[in-house]
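*Asks:* Okay, handing you the structure first.
The values are calculated or read from the model by the stated rules, or taken from the named source; none is laboratory data. Only a predicted model underlies this, so the values are computations on that prediction, with no experimental measurement involved. Every residue, glycine among them, receives a Cβ derived from its backbone with ideal geometry; neighbour counts consider all protein chains shown. Keep in mind that these areas ignore ligands, DNA and RNA; they rest on the heavy atoms of the full protein, side chains included. Shrake-Rupley method; radii C 1.70, N 1.55, O 1.52, S 1.80 Å.
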Amino acid sequence: MLKSIARAVVRKVIDRAADLVPPMLDPRLRSQRMNLPAIDRAAHVLKGKPRVLVCVGSGLSAESGVPTFRGPGGIYSDEEIAHLTHVDTFETDREHMLRWYQERREQLHSIHPNPGHEALIGLAQTGDYTVSTQNVDHLLEAASDAAGFRPSIYHLHGSLLSVRCHVCDYEVEDLHLDLGEQPGCPKCGGPLRPGVVWFGETLPEDALEKSMEVARNAEVCLILGTSGLVYPAAALPETARRHGATLIEVNPHLSALSDISDIVIRGRTGEVLPVLLRRVQDLNRG
Ligand code: BV8
Ligand code: ZN
């Protein structure tokens, strides 16, 4: 009994001490404070009803527990990524590749949108927004359903939720199918694979064409959590810039798109986007 009282007292002292840490020492608060001027500049660019192309990378889902591919926090080595996301591997190392994808598919059951997804859907309701995502999860759609608002969302690299035949046009959205068992196509018997786009495969024509069209006419391009290394997705912000758009990047680290961005907000999307949304809403209220 005495032990548990002592433990409770120690816990209280530790909690109180944590409150006494001056904000400037709390890295998350400090980075937020540092970002406020850039967030304010970005909000002034996004106020009114601008035409906005949002280019999304795996960083937007990082705070939902989905590992990024590259950069600090990325859990795969570059070689591993290159190997497991290349179409040739489906011929040379199929079982390993399908097991890796099946593990990632199973993760989808336990992940949820984070404040970055929710704030992006909030921002999309303040203007003429189109989202072009490299992500293969369903978190933006889940945040849209929760908000009751669905902007145009183009999946440039497909979706982990769907499974398709490597030979014919059979495709189905089925998270319960176990790709690790190397199932055959019910239509032609060919091998089934995740409904994603691998290196060496072309992107869905409609998603790419529509995204490029929006990039050519965008007033703003919002770049969220991408290393900017994978083409042709990484060409979208460059295209928007060539056609006069203002580029705003949100990323805690330097990316291949940072030096062409007009406004760089060095922070996590889950922390920055809710602040940005509130600022845009305040400015729109006038
Ligand atoms: C094609 C499969 C025609 C799905 C993936 C032009 C120039 C050079 C090369 C090429 C080119 N055109 C084509 C190529 C070849 C190739 C390519 O781009 N190679 C590069 C890498 C050299 N492209 C292709 O092959 C594409 N097809 O062009 O077709 C063709 C046909 C035949 C032959 C040639 C051409 C196909 C590309 C599709 C690749 N598929 N994955 C899957 O498994 O998911 S790529 C993989 O990388 C994922 O899809 C991922 O989405 C994508 C990009 O990564 P990012 O999303 O940027 O994520 P990354 O991990 O890299 O970075 C995360 C970022 O988030 C970091 O910056 C980090 O700092 C930040 N971050 C972390 N936490 C947070 C955060 N940001 C905000 N908040 C946080 N909390
Ligand atoms: Zn088939």
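*Asks:* Looking at D128, D93, D88, D137, which one is more than 16 Å from ligand 2 (Cβ to nearest atom), within 27 Å of A215 (Cα to Cα), of a type in the set (D, E) and open to solvent by 40 Å² or more (accessible area, probe 1.4 Å)?
*Replies:* Testing whether each residue is more than 16 Å from ligand 2 (Cβ to nearest atom), within 27 Å of A215 (Cα to Cα), of a type in the set (D, E) and open to solvent by 40 Å² or more (accessible area, probe 1.4 Å) leaves just D128.
*Asks:* Please go through (1) surrounded by fewer than 16 Cβ atoms within 10 Å (Cβ to Cβ); (2) within 18 Å of the chain's Cα centre (by Cα) for L208 and return the number of the only condition it doesn't satisfy.
*Replies:* Of the numbered conditions (1) surrounded by fewer than 16 Cβ atoms within 10 Å (Cβ to Cβ); (2) within 18 Å of the chain's Cα centre (by Cα), the odd one out for L208 is (1).
*Asks:* Output yes when any residue across the stretch 237-244 is in contact with a Ser or Thr (Cβ under 6 Å, 6 or more places away or on another chain), hydroxyl-bearing (S, T, Y) and assigned by TED's automatic domain parsing to the domain that holds L139, and no when none is.
*Replies:* no
*Asks:* Limited to the stretch 193-202, what total is found for residues that are under 17 Å from D137 (Cβ atoms) and more than 6 Å from ligand 1 (Cβ to nearest atom)?
*Replies:* Summing the residues that are under 17 Å from D137 (Cβ atoms) and more than 6 Å from ligand 1 (Cβ to nearest atom) in the stretch 193-202 gives 2.
*Asks:* Of the residues S159, S132, S152, S144, only one is in contact with a Gly (Cβ under 9 Å, 6 or more places away or on another chain), under 30 Å from E219 (Cβ atoms) and either at pLDDT 95 or above or not charged (D, E, K, R) (or both); which?
*Replies:* Checking each option against the conditions leaves just S159.
*Asks:* Hey, can you tell me all the residues within the stretch 174-192 that are open to solvent by 40 Å² or more (accessible area, probe 1.4 Å) and within 16 Å of ligand 1 (Cβ to nearest atom)?
*Replies:* Initial filter on the stretch 174-192 (open to solvent by 40 Å² or more (accessible area, probe 1.4 Å)): 174, 176, 178, 181-182, 184, 186-189.
None; the set is empty.
Let's see how each residue does on (1) crowded, with 16+ Cβ neighbours inside 10 Å; (2) modelled with pLDDT under 95; (3) touching a His at 6+ places or on another chain (Cβ under 8 Å); (4) assigned to a loop (DSSP other than H, G, I, E, B):
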{"residue": "S4", "(1), (2), (3), (4)": "no, yes, no, no"}
{"residue": "V21", "(1), (2), (3), (4)": "no, yes, no, yes"}
{"residue": "Q32", "(1), (2), (3), (4)": "yes, yes, no, no"}
{"residue": "A43", "(1), (2), (3), (4)": "yes, no, no, no"}
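*Asks:* In addition: Where the second residue is in a strand (DSSP E or B) and near ligand 1 (Cβ under 10 Å from one of its atoms) and the first is in the same structural domain as E213 (by TED's automatic domain parsing) and without any contact (Cβ under 8 Å) to a residue 24 or more places away in the chain and lies in the stretch 153-175, which pairs have Cβ atoms under 7 Å and are six or more apart or on separate chains?
*Replies:* I153/T133
*Asks:* Give the residue, chosen from L192, L160, L123, that is within 16 Å of ligand 2 (Cβ to nearest atom) and of a type in the set (A, V, I, L, M).
*Replies:* Testing whether each residue is within 16 Å of ligand 2 (Cβ to nearest atom) and of a type in the set (A, V, I, L, M) leaves just L192.
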